[in-house]
1. Name the residue, out of K76, K87, K43, whose mean-square fluctuation peaks in a Gaussian network model built on the chain with Cα pairs under 10 Å.
2. Looking only at G42, G55, G66, which one moves most when the chain is put into a Gaussian network model with springs between Cα atoms under 10 Å?
3. Find which of A97, A49, S7 sits farthest along the positive direction of the dipole of region 7-113, computed with +1 on the beta-carbon of Lys and Arg, -1 on that of Asp and Glu, about the Cα centre.
4. Please compute the modelled spin-label separation between Q82 and Q13, points set 7 Å along Cα→Cβ, answer in nm with one decimal.
5. For the chain, with all protein chains present and a 1.4 Å probe, just round the carbon and sulfur fraction of the accessible area to a whole percent.
6. Considering only protein heavy atoms, what per residue accessible area in square angstrom results for the chain with a 1.4 angstrom probe?
7. Of all DSSP beta bridges located in region 6-118, what percent are antiparallel, nearest 5?
8. Given Cβ point charges of +1 (Lys, Arg) and -1 (Asp, Glu) and nothing else, what value in debye, to the nearest 20, does the dipole of the chain about its Cα centre take?
Amino acid sequence: QVQLVESGGGLVQAGDSLRLSCTASGRTFSIYAMAWFRQALGKERDRIARINLSGGSTYYADSVKGRFTISRDGAKNTVYLQMDSLKPEDTAVYYCAAGPSIASMPYWGKGTLVTVSS
C-alpha cells in the first residue's frame, strides 16, 4: 500500500512563493510517475503538473507554465512543486498523485491548502 502526504501549503500574498512537498511511503518512488492536481472551491480538479519515473520529462498546465516547477528526489521518495509568482487564482487544495504511468495513478494524497490573497 502506498501512502502520499502533501505538505507546504499556507496563506501567502500575491507574488509570493511556496514549495509543496509530497512524500510517499510503502513503495519506492522511482517506479512511479507523479503529478500535482489542484481543486478550487466549487470547481473541478485540474492537473497542473506531472513528471515521469526518471524525472526527465515534465508537463505543466498553461495556467502555471513558467511559474511552477515540478521535481522529484527518488532517494527521499519525495516530489516537489515550486510555486513562484503566485496569484489569487492559484488558491486551491493541492493534491499529489502517483502511479505506474500517467494514465494510471491510483494513489492520492489528502491535499494541502494554498491560499493566495490579493
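The values are calculated or read from the model by the stated rules, or taken from the named source; none is laboratory data. These numbers come from a predicted model, not from an experiment. Note that we place each Cβ from the backbone using ideal geometry, even for glycine, and neighbour counts take in every protein chain shown. The area values use the complete protein model at the heavy-atom level, side chains included, leaving out ligands, DNA and RNA. Shrake-Rupley method; radii C 1.70, N 1.55, O 1.52, S 1.80 Å.
1. K43
2. Ranking G42, G55, G66 by mean-square fluctuation puts G42 first.
3. Positive-most Cα among the choices belongs to A97.
4. A separation of 2.3 nm, rounded to one decimal place.
5. Here it works out to 47 percent.
6. 52
7. Working: 35 of 39 bridges.
Beta bridges within region 6-118, antiparallel portion: roughly 90 percent.
8. My answer is approximately 240 debye.
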